[in-house]
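The values are calculated or read from the model by the stated rules, or taken from the named source; none is laboratory data. Since the structure is predicted, the reported quantities are computational estimates derived from the model, not experimental observations. When we count neighbours, we look across all protein chains shown, and the Cβ atoms used for this are built from the backbone with ideal geometry, even at glycine. Only protein heavy atoms, including side chains, enter the accessible area calculation; ligands, DNA and RNA are left aside. Shrake-Rupley method; radii C 1.70, N 1.55, O 1.52, S 1.80 Å.
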Amino acid sequence: MIMNLNLKEITNRMQKFKSVKGFKDILPEDQFYWDFVRNKFISIVKSYGFERIDLPILENSGLFVKSVGSGTDMVDKEMFSFETLGKKKVSLRPEGTAGTVRSYIEHGMLNRRKPVKLFYLGPMFRYDRPQAGRYRQFHQFGLEIFGESSPVIDAQLIFLCKQLFSEIGIETDIHINSIGCQDCRKEYIGQLKNYLKKNRKNLCPDCQSRYLKNTLRVLDCKEKGCQEIVSEAPQIIDYLCDDCNKHFVKVLEYLGDAETAYQLNPLIVRGLDYYNRTVFEIFPKGNEKRQSALGAGGRYDDLVRNLGGSQEEETPAIGVALGMKRIINILKKKEDSGIITSRTSDIFVAQLGERARKKVFSLFERLRRLGFDVAEDISKTSLKQQLEEANNLKVKFALIIGQKEILDKTILIRDMESGSQEIIPEDKVEKVLIKRLKSIKKV
Ligand code: HAM
């Protein structure tokens with residue numbers, strides 16, 4: 001067929017699409033790492049009593065404005081927001097805490113046995129400047145605990161984070177601080193402003209406006225000039241009220257008792273409005289660069305009430321979120337991570353001839369249902385190619401069915417390591433495999 005295409009149409013047809021900047025594919029060869037981390041984390045947090053919650057990716061924009069706060073970089077500069085056809089302002093979630101609180105309130109979880117412990121995992125979206133370890137779509141594994149104000153919970157959550165990382169072979173440094181309550185913060189911010197006033201012109205342009213809108217955030221600016229200025233600034237722990245001070249001392253005591261090492265870091269203030277009291281960040285050991293943080297969290301005792309939850313009853317809360325991709329980047333660099341990074345199977349079913357192929361079709365399914373790890377390459381006609389694939393997969397046994405086996409109702413079982421072969425009756429195949437694989441407790 002002859003088509004009349006103009007130049008523009010031709011170029012359009014040849015255009016190759018690439019993923020949107022900051023949005024990454026997770027390729028099959030990386031899925032082993034993702035499965036490994038996800039499965040480990042899920043099984044550990046479940047044993048600590050956390051239950052899974054899946055939240056929508058899209059929320060009303062107001063939820064983030066009210067929780068994370070206007071004046072924060074996340075809300076002012078980083079949200080993917082748009083209007084729906086029904087003229088509602090919505091945003092792709094930049095983080096998971098606000099949505100979890102919304103759901104907690106919406107579904108009356110207040111009436112559940114306390115503490116309510118939830119975990120979530122999934123993509124978050126921030127219009128950040130993409131660079132190593134920073135993406136516009138990234139995945140978090142988050143934990144949130146509602147209804148418990150005791151400092152032992154803060155310590156337990158931090159301890160748990162340390163365990164999660166140690167179970168996947170990553171050593172971490174925990175940086176911890178307390179930013180007190182509204183009252184202690186008010187006095188402190190006054191003092192901080194006084195101190196910064198003298199150096200205001202030397203602050204970076206962002207911090208000049210943070211000075212007015214969100215003074216605390218000047219403390220965790222990444223600019224060298226600002227960091228030098230804040231290194232001499234008054235520290236918030238010197239301004240904690242009695243209750244906040246007692247709470248923080250207890251958290252540190254519990255961590256000490258649990259032999260969980262931590263570093264006090266007066267510059268950790270967190271960029272989001274909802275935090276109070278304990279705040280912490282988790283870094284790979286010896287690497288405290290901001291964009292290396294593997295996770296972060298803290299208390300947010302007023303958020304449930306501020307978002308419309310019970311006004312009579314307090315709902316203290318604390319949580320943490322871990323950055324999955326940063327974790328996986330570290331594991332990929334480690335040769336000894338112990339993760340199996342290729343497909344593994346115990347058995348390969350091979351066939352020669354059309355009738356054998358039909359037989360293998362159902363044999364594969366029969367064995368798979370029984371719980372065997374089976375592999376096949378059913379589209380191939382050459383037995384040599386199939387056995388090569390069995391070799392690549394490092395399977396223990398290949399089951400081979402050819403014309404003769406079809407007629408005799410038998411199967412040839414080949415030990416791929418020793419090369420020894422045996423013919424077994426077709427209806428005994430399960431029994432024989434169970435016996436042979438028993439040593440590795442597969443079934
Ligand atoms: P966050 O510090 O904004 O806290 O994010 C937590 C973690 O998510 C970071 O430490 C980092 O590992 C990862 N992360 C954040 N932004 C990016 C990005 N652009 N690219 C790759 N990874 C990123 C929160 O989100 C709070 N909701 C944590 C929390 C839960 N607080 C209480 N509960």
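Observations on the structure shown:
- Each Lys and Arg Cβ is given +1 and each Asp and Glu Cβ -1; about its Cα centre, the stretch 212-302 then shows a dipole of about 400 debye.
- Rolling a 1.4 Å probe across the protein heavy atoms gives the chain an accessible surface of 54 Å² per residue.
- Partner lysines for residue 46 [C-alpha distance under 20 Å; skip if fewer than 8 residues away on the same chain]: 114, 117, 162
- Here residue 259 and residue 15 are evaluated by their C-beta separation; at R0 = 41 Å the FRET efficiency comes out at 0.10.
- Total lysine pairs whose alpha carbons fall under 20 Å of each other in the stretch 360-422 (8 or more apart, or interchain): 5
- Difference of contour (0.36 nm per residue) and Cα-Cα distance, residue 57 to residue 238: 61.2 nm
- Order of exposure, largest accessible area first, which applies to 74, 79 with probe 1.4 Å: 79, 74
- Most mobile listed residue (143, 267, 212) in the chain, GNM with C-alpha springs under 10 Å: 212
- With each label modelled as a point 7 angstrom along the Cα→C-beta vector, the residue 332-residue 245 pair spans 4.9 nm.
- Based on the Kirkwood approach, the hydrodynamic radius assigned to the stretch 347-438 is 12.9 Å, with every pair of different Cα atoms included.
- Here the sum of -39500 (n - 2.57) over DSSP H runs of 4 or more residues, divided by the residues of the chain, equals -11000 deg cm²/dmol at 222 nm, to the nearest 500.
- Fully extending the segment from residue 47 to residue 289, taken as 0.36 nm per residue of separation minus the present Cα-Cα distance, adds 83.9 nm.
- Taken about its Cα centre, the stretch 347-438 carries a charge dipole of roughly 220 debye when the Cβ of each Lys and Arg holds +1 and the Cβ of each Asp and Glu holds -1.
- Environment charge at residue 98 (Cβ cut-off 10 Å; Lys +1, Arg +1, Asp -1, Glu -1): +1
- When the residues 26, 170 are ordered by accessible surface, computed with a 1.4 Å probe over the protein chains alone, the sequence from largest down reads 26, 170.
- Three semi-axes of the equivalent ellipsoid, the chain, Cα gyration tensor, whole Å, largest first: 53, 28, 21
- Under 16 Å from the Cα of residue 224 - aspartates and glutamates, other chains or at least 8 residues apart: 206, 232, 288
- Here residue 358 is the anchor, and the aspartates and glutamates within straight C-alpha reach of less than 19 Å, apart from those fewer than 8 places off in the same chain, are 376, 377, 405, 408, 426, 427, 430.
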